[in-house]
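Report on one structure; see the data block that follows.
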Amino acid sequence: EVHAQLQTQSKVFCSDPVTFGATPNTAVSPVSLGYPGTLPTLNRGCVEAVLKLGIALHSEVASTCFFSRKNYFYPDLPKGYQITQEAAPIARGGYLEIRLKDGSYKKIGIERLQLEEDTGKSLHDQDPFFTLLDYNRAGIGLVEIVSAPDMRTPEEAMAYLAEVRKLVRYLGICDGNMEEGSLRCDANISLRPQGREAVFGTRVEIKNLNSISALGKALYYEIERQKA
């Protein structure tokens, strides 16, 4: 799963500005902070950005889509739920072609593209006793790109992430700056012992990887851990 922060002037469901590095909790409003009684208004620019990506990935754009509430309790999620899509996303299917080290190409399938909102940011290193919260990022539009389970090595996963970053930059929908958190990924991995029928082991998700090299290192480590 790759999460790309959309380069729009305002957030996905309100008019708060999209900024990076601003004074904490200055790019917020009653909507993004989840105050009771506030109502979202969908940002057309976010929808158009996801449509661009869907066309570039050869996906099938839905004639109808809707949003759902994903309920979970994180301190950096002020509403207590995330507005997202899963049952009826903007686009499904498609593929992205990656180039491997030997010069060959491989198609990685795309399951779906869904539009959702980002969370705030928890800061654990600013105070010796407390975790601090910055909600400037809360509500910024994200496109979540969910791939099919077509990657077989860490090298393929790294090549895929590099190609996704290249594509969203080319389309102008995300700056792809992983060090700033505007592009990050969750890697899912499970092993199947050699010779066993096509039944995989327990799947493990490694969350919020913010560099291509970190993705490769995390997968190599998790492969050895699962083997053991």
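I need the full set of residues from the stretch 3-16 which are in a strand (DSSP E or B) and in contact with a Pro (Cβ under 9 Å, 6 or more places away or on another chain), in order please.
Matches in the stretch 3-16: S10 only.
Hey, can you tell me all the residues within the stretch 160-194 that are open to solvent by 50 Å² or more (accessible area, probe 1.4 Å), assigned to a helix (DSSP H, G or I) and of a type outside the set (D, E, K, R)?
Y170 - this is the single residue of the stretch 160-194 that is open to solvent by 50 Å² or more (accessible area, probe 1.4 Å), assigned to a helix (DSSP H, G or I) and of a type outside the set (D, E, K, R).
For the stretch 14-28, does any single residue satisfy the condition of being under 28 Å from Y160 (Cβ atoms) and not aromatic (F, W, Y)?
So far as the stretch 14-28 goes, yes, one or more of its residues are under 28 Å from Y160 (Cβ atoms) and not aromatic (F, W, Y).
Does T19 satisfy being part of a loop (DSSP other than H, G, I, E, B), over 16 Å from L113 (Cβ atoms) and not hydrophobic (A, V, I, L, M, F, W, C)?
For T19, the condition - part of a loop (DSSP other than H, G, I, E, B), over 16 Å from L113 (Cβ atoms) and not hydrophobic (A, V, I, L, M, F, W, C) - is met.
Checking G54 against (1) assigned to a loop (DSSP other than H, G, I, E, B); (2) within 26 Å of M178 (Cβ to Cβ); (3) of a type outside the set (V, I, T), only one condition comes out false. Which one?
Tallying (1) assigned to a loop (DSSP other than H, G, I, E, B); (2) within 26 Å of M178 (Cβ to Cβ); (3) of a type outside the set (V, I, T), G54 fails exactly one: (1).
Taking only the stretch 131-155 into account, find how many residues are open to solvent by 20 Å² or more (accessible area, probe 1.4 Å) and within 23 Å of S104 (Cα to Cα).
Matching residues across the stretch 131-155 total 7.
With respect to G54, is the statement that it is among the small types (G, A, S), within 30 Å of M158 (Cα to Cα), at pLDDT 95 or above and out of contact with any Leu (no Cβ under 7 Å at 6 or more places or on another chain) true?
Spelling it out, it is not the case that G54 is among the small types (G, A, S), within 30 Å of M158 (Cα to Cα), at pLDDT 95 or above and out of contact with any Leu (no Cβ under 7 Å at 6 or more places or on another chain).
For the stretch 48-69, name all the residues that are open to solvent by 100 Å² or more (accessible area, probe 1.4 Å), closer than 22 Å to C174 by Cβ and free of Cβ contacts under 8 Å to residues at least 12 places away in the same chain.
Within the stretch 48-69, just I55 meets the criteria.
Which number in (1) without any contact (Cβ under 8 Å) to a residue 40 or more places away in the chain; (2) surrounded by 15 or more Cβ atoms within 10 Å (Cβ to Cβ) marks the one condition that R44 misses?
Against the list (1) without any contact (Cβ under 8 Å) to a residue 40 or more places away in the chain; (2) surrounded by 15 or more Cβ atoms within 10 Å (Cβ to Cβ), R44 comes up short only on (2).
When only residues in the stretch 70-113 that are assigned to a loop (DSSP other than H, G, I, E, B) and among the aromatic types (F, W, Y) count, which is most open to solvent (accessible area, probe 1.4 Å)?
Per the stated criteria, the residue is F73.
List pairs: first in the stretch 195-212 and at positive phi, second open to solvent by 100 Å² or more (accessible area, probe 1.4 Å) and part of a strand (DSSP E or B), Cβ under 7 Å, 6+ apart or cross-chain?
none
Scan the stretch 183-194 for residues that are in contact (Cβ under 8 Å) with a residue 24 or more places away in the chain and within 14 Å of T153 (Cα to Cα) and jot them down.
Scanning the stretch 183-194 gives A187, N188, I189, S190, L191.
Given the options A91, A148, A62, A159, name the one that is out of contact with any Lys or Arg (no Cβ under 9 Å at 6 or more places or on another chain) and among the aliphatic types (A, V, I, L, M).
The conditions single out A148.
Output the residues belonging to the stretch 117-159 that are assigned to a loop (DSSP other than H, G, I, E, B), polar (S, T, N, Q) and either touching a Cys at 6+ places or on another chain (Cβ under 6 Å) or farther than 24 Å from V47 by Cα (or both).
Of everything in the stretch 117-159, those that are assigned to a loop (DSSP other than H, G, I, E, B), polar (S, T, N, Q) and either touching a Cys at 6+ places or on another chain (Cβ under 6 Å) or farther than 24 Å from V47 by Cα (or both) turn out to be Q126, T131, T153.
Yes or no: T38 at pLDDT below 95, closer than 23 Å to R184 by Cβ and of a type in the set (V, I, T)?
No.
How many residues are under 17 Å from E156 (Cα atoms), free of Cβ contacts under 8 Å to residues at least 60 places away in the same chain and open to solvent by less than 60 Å² (accessible area, probe 1.4 Å) if we restrict to the stretch 213-228?
3
The values are calculated or read from the model by the stated rules, or taken from the named source; none is laboratory data. This one's a predicted model, so the numbers in the text were calculated from it and none came from an experiment. Note that each Cβ is placed from the backbone with ideal geometry, even for glycine, and that neighbours are counted across all protein chains shown. Only protein heavy atoms, including side chains, enter the accessible area calculation; ligands, DNA and RNA are left aside. Shrake-Rupley method; radii C 1.70, N 1.55, O 1.52, S 1.80 Å.
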